[in-house]
Every structure is written in structure tokens, then in C-alpha cells.
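Structure first, commentary second.
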Amino acid sequence: MSNSRQYWVLFCFFGSLNAFAQLVSDEVYEDRQNFGIKMGCGMHSIYGGKLQNPKPMIGYVAGFYWHGNAEKKSKYSWQIGIDMRLRGSNFANAKKGDTSINKAYTKLGISSVDIPLMVNYRLSKQQEKNQKCLQLGVQLAYIFNSVVYVGPQKIPYQQEEYLRKWDKLSLKPIEIQGLLGYQYRGPVMGYQISVKYGLNSLNNNFILKGVSPTTDPQLEPKGRSQKIGTCSLEFALIF
């Protein structure tokens, strides 16, 4: 899927969620308190040592969520969702004079469908309409597309022998992230703030030819970590 098509899909997805948000905002709070939608953005990056000089990039999220209500004598409840995310990382590798032969990778884009599963710890009283809670859980991600961009202009990377294979990189399709967050839900809308950290390496024999810094394990310094992990700080409005 090309980058322009990804943004078109996301635009349509946001449009449908906006229409749904208008619908549920007119309902009585108590009748819709167990489900909702969310839309937001975040700062995302790569860690692990395989890809060099990572810098944060802005990503986007849209999705649905459902949560259970805590029992009267308990402050704990479950929450689950399904999201679509555009995320990844920038890289400070570009140099003046980069050419099509000697080019540096400057951005990694990842498109994924995610399922966050969380335990909510309620901070407010159960009967209050403004609910505050801490969240702890895991997020399962299915990576369905990934793209590397090169040079200061962030052009999609291509190898001469694989001109049509600039996407769907050698990354494992399943990612598990730990999640810690805070959630506020009001009668009509609220927000989430969360920190996420990848627990497994996405490296699946990841090698890019003809780029710098090199990603070939045989040319890298001995002892360099081969891990590719993701981390993020995300803010989302919930309805």
C-alpha cells in the first residue's frame, strides 16, 4: 500500500469515527458508558541498536474501545480496544550531498492494527460521572505494512534489483508492547495519556542494501545489538 493510499484510508477511517462520535454524544451518558471511540496522535521512535540515530516522529491513531464496570467493592475493571496506527521513527542520518547510490535512511513508517488489553484502577468514586483511572496492560500489534525512506527529502527506499519491493520490510508481523497510562472519562468526552514500550524484537533478518549506516551484520561493528523495538508517548481524545 502506497503512502498516499495509507493516508486516504486513515482519512476515511477518521471520517467514519467523527460521524459515530456525533451520534453517541447525543445519547445519555449512562447508556453508552461501556464503549466509545478514540482519536489522537503521539510521539513514536525506535530503540534497540540495529537502526542508528533514531529521533521521534509524530504518528496517528483512531479506534474503538470497550470497558467493563468495576463492582461496587472493587476499583478494578477491564478495558479492550481495536486501533489503527501510523507510527515509526525518524533518523538523523542524512548528510548534505547524499545521492541515489550513497544514501542514508531517514525515516521508518509502520502501519499496524492493534489490540490494547488493559486493567483499569479507578481513582474516583464509582457514582461520579467524571471517571479517572490508571491503566496497565499489553498491546498486541499486527504490522501489515512498513516503509523505509532515504535522504533529506525522505524518498521511499528502492533497490535496483527489487524496484517494486520498497515496502513490507523484514520485520516480524506481531509486536507486544507494555502499556502504562492515565484515563479521564467525562459525560461526553475524555482523554487518554499512555506510554508504550515494545517487549519483543521486530528484527527478522532486517537488511537494507546500499544505505548508510550499514544494516548488514557482517559489516557492522562486532557486538552491536540487532534488536528493533518501538516506544511511544500517545495522547488521544475519547468519546
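Things worth noting here:
- Total residues in region 87-138, condition over 25 Å from GLN183 (Cα atoms) and hydrophobic (A, V, I, L, M, F, W, C): 7
- Some residue of region 198-208 being small (Gly, Ala, Ser) and at pLDDT below 95: no
- Region 85-108, subset assigned to a loop (DSSP other than H, G, I, E, B) and of a type in the set (Lys, Arg), residue nearest to TRP66 (Cα to Cα): LYS95
- Selection from region 209-223 of residues that are surrounded by fewer than 19 Cβ atoms within 10 Å (Cβ to Cβ) and either out of contact with any strand residue (DSSP E or B) (no Cβ under 6 Å at 6 or more places or on another chain) or at positive phi (or both): GLY210, PRO213, THR214, ASP216, PRO217, GLN218, LEU219, GLU220, PRO221, LYS222, GLY223
- Members of region 105-122 that are over 10 Å from the mean Cα position of the chain (by Cα) and polar (S, T, N, Q): THR106, ASN120
- If you filter region 41-76 down to residues that are under 23 Å from LEU123 (Cα atoms) and surrounded by 17 or more Cβ atoms within 10 Å (Cβ to Cβ), you find that the one that is farthest from the chain's Cα centre (by Cα) is ALA70.
- Test: GLN177 is at pLDDT 95 or above, touching a strand residue (DSSP E or B) at 6+ places or on another chain (Cβ under 7 Å) and closer than 24 Å to PHE35 by Cα: yes
- Qualifying residue in region 106-125 (condition: surrounded by fewer than 13 Cβ atoms within 10 Å (Cβ to Cβ) and modelled with pLDDT under 95): yes
- Selection of first residues in region 47-58 that are of a type in the set (Gly, Ala, Ser) and of second residues that are surrounded by 15 or more Cβ atoms within 10 Å (Cβ to Cβ) and not in a strand (DSSP E or B), restricted to Cβ pairs under 8 Å at least 6 apart or on distinct chains, gives the following pairs, ordered by first then second residue: GLY48/SER201; GLY48/ILE228.
- Residues within region 109-157 that are of a type in the set (Ser, Thr, Tyr), under 30 Å from LEU169 (Cβ atoms) and assigned to a strand (DSSP E or B), tallied: 5
- When restricted to residues that are assigned to a loop (DSSP other than H, G, I, E, B) and of a type in the set (D, E, K, R), region 194-213 contains 1.
- Selection within region 133-157 - at pLDDT below 90 and either among the small types (Gly, Ala, Ser) or within 16 Å of GLY81 (Cα to Cα) (or both): GLY151
The values are calculated or read from the model by the stated rules, or taken from the named source; none is laboratory data. Because the structure is a prediction, the values reported are computed rather than measured. Quick reminder, even Gly has a Cβ in these numbers, built from the backbone with ideal geometry, and neighbours come from all protein chains shown.
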